[in-house]
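A quick write-up on the structure given underneath.
Every number in this text was worked out from the coordinates using simple rules, so none of it is lab data. Worth saying up front: this structure is predicted, and the values here are computed from it rather than measured. Cβ: placed from backbone, ideal geometry, glycine included. Neighbour counts: every protein chain shown.
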Amino acid sequence: MKRMVGSHMVCPVCGKRTVGKIGGHHYYCRECCHVIQKQGDQIKVYEISEDGKLTFLRTAG
């Protein structure tokens, strides 16, 4: 995956290294507050709505 730097994922939205694993194949960027889901070579980006639901934004990578 090209979005990894060492053992840290680089956020496909903001490009920062403030991404942490939150479970399974899900990651969270503390800089831009997006949820990233990695499935094989495919990366999906989600936004967290006010009620806590995930809204799909786009596929990256």
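Some points to look at:
- Cα shape, the chain, gyration tensor, a/c 1.5 rule: prolate
- Full-stretch length increase - GLU47, HIS8 - with 0.36 nm per residue and alpha-carbon distance subtracted: 12.0 nm
- Note on ARG17/PHE56: beta-carbon distance plugged into 1/(1 + (r/R0)^6) with R0 of 22 Å gives a FRET efficiency of 0.40.
- Scanning residues 5 or more positions from HIS34 or on other chains, those with amide H under 5 Å from its amide H are CYS29, with H placed 1.01 Å from N in the peptide plane.
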